[in-house]
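*Asks:* Input: one structure, supplied below.
The values are calculated or read from the model by the stated rules, or taken from the named source; none is laboratory data. On a predicted model such as this, the values are computed, not experimentally measured, just so you know. Here the Cβ positions follow ideal geometry from the backbone for every residue, glycine too, while neighbour counts run over all protein chains shown. Accessible surface areas use protein heavy atoms only, side chains included; no ligands, DNA or RNA. Shrake-Rupley method; radii C 1.70, N 1.55, O 1.52, S 1.80 Å.
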Amino acid sequence: MRGLLEWQIATVKSIQQETPKAKTFTLVLPNWFQHKPGQHYDVRLTASDGYQAQRSYSIASEPERRGEIDLTVEWIEDGEVSSYMHEVLTVGDRIEVRGPIGGYFVWEANLGGPLLLIAGGSGIVPLMSMIRHRSAVGSTIPVRLLYSSRTPEDVIYYDELMKLQNSKGRLEIFHTFTRQTPPGWTGYSRRIDSQMLAEVAGPLGSKAQAYVCGPTLLVEAVANGLLQQGLAPNQIRTERFGPTAIS
Ligand SMILES: Cc1cc2nc3c(=O)[nH]c(=O)nc-3n(C[C@H](O)[C@H](O)[C@H](O)COP(=O)(O)OP(=O)(O)OC[C@H]3O[C@@H](n4cnc5c(N)ncnc54)[C@H](O)[C@@H]3O)c2cc1C
């Protein structure tokens with residue numbers, strides 16, 4: 001069997017603008033392998049002079065979708081790989097990828113719950129794969145998602161999250177906005193803090209499994225906060241996306 005760490009050439013099937021700064025790339029893979037929600041792919045770019053740049057991108061789609069994956073990439077000013085994907089890559093282009101990779105930050109419905117998902121910015125991507133998988137297999141495991149964004153227009157997958165929340169039950173979504181709120185907003189409008197964690201995590205009880213993903217500082221602050229709430233270290237899984245400040 002083909003090794004998961006072998007590079008393959010994916011074809012860009014479609015590109016969707018999710019927010020002003022985030023695009024989803026649907027890639028068709030000649031050697032598709034079923035992933036676990038939370039895993040990622042590596043993307044490698046090679047310039048004509050042989051220079052290579054390689055970055056990791058979480059899989060946004062559910063493993064039940066065969067033959068292709070979605071990667072959602074946030075545009076970063078001067079970012080080598082993200083700006084290439086946003087500004088150069090078009091439908092029909094071919095791009096080198098390998099995966100799925102990662103065995104720690106993963107969740108499948110058969111692992112049970114309840115689930116506490118906490119995202120900052122594009123940290124929603126691997127959590128979305130978990131939420132889509134839960135929906136695809138008809139799981140009713142209780143899930144609470146706390147999603148921190150700078151402004152309402154930065155919320156990725158907003159419509160789909162609303163739909164899943166309304167139609168499936170037991171998926172509850174809490175947004176917090178750190179820079180600008182929607183008109184008339186009565187929800188959270190600050191960085192995630194211990195009071196917010198207590199309010200969102202509390203109703204899930206002491207057995208919750210937490211998955212935290214986003215900028216490094218946010219992940220560290222949230223993981224410490226969850227420990228203070230009484231969760232054991234083995235109930236908290238974290239994934240750090242990059243060296244940015246708390247959003
Ligand atoms: C396991 C894993 C999964 C990831 N999944 C995703 C994903 O699903 N979607 C996604 O958009 N990104 C994801 N990332 C981040 C991604 O791998 C890159 O780090 C990011 O796209 C920046 O790469 P770049 O080449 O564009 O920028 P670079 O050229 O590497 O950096 C340019 C500048 O941006 C800063 N920077 C680097 N990374 C980030 C970041 N994440 N946020 C803000 N500033 C940054 C650098 O300090 C530098 O100043 C993931 C990272 C990991 C480790």
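*Asks:* Kindly evaluate L111 against the criterion of being within 20 Å of Q229 (Cα to Cα) and at pLDDT 95 or above.
*Replies:* No.
*Asks:* Would you point out the residue of region 144-170, among those that are of a type in the set (D, E) and open to solvent by 80 Å² or more (accessible area, probe 1.4 Å), that is farthest from L111 (Cα to Cα)?
*Replies:* E153
*Asks:* Another one. Between I141, I173, which is outside any strand (DSSP E or B) and surrounded by 13 or more Cβ atoms within 10 Å (Cβ to Cβ)?
*Replies:* I141
*Asks:* What number of residues in region 58-101 are more than 9 Å from the ligand (Cβ to nearest atom), outside any loop (DSSP other than H, G, I, E, B) and touching a Pro at 6+ places or on another chain (Cβ under 9 Å)?
*Replies:* Here the count works out to 2.
*Asks:* Another question about this same structure. Please determine whether any residue of region 192-204 is open to solvent by 10 Å² or more (accessible area, probe 1.4 Å), closer than 24 Å to I76 by Cβ and within 14 Å of the chain's Cα centre (by Cα).
*Replies:* no
Quick grid of which residues meet (1) assigned by TED's automatic domain parsing to the domain that holds Q229; (2) touching a residue at least 12 places away in the same chain (Cβ under 8 Å); (3) within 23 Å of K23 (Cα to Cα); (4) open to solvent by less than 20 Å² (accessible area, probe 1.4 Å):
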site	(1), (2), (3), (4)
T72	no, yes, yes, yes
E77	no, no, yes, no
S82	no, yes, yes, yes
V91	no, yes, yes, no
E96	no, yes, yes, no
P114	yes, yes, no, no
L117	yes, yes, yes, yes
R132	yes, yes, yes, no
V137	yes, yes, no, no
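*Asks:* Can you say whether Q54 is within 13 Å of the ligand (Cβ to nearest atom), surrounded by fewer than 21 Cβ atoms within 10 Å (Cβ to Cβ) and under 26 Å from R237 (Cβ atoms), as far as the supplied structure shows?
*Replies:* yes
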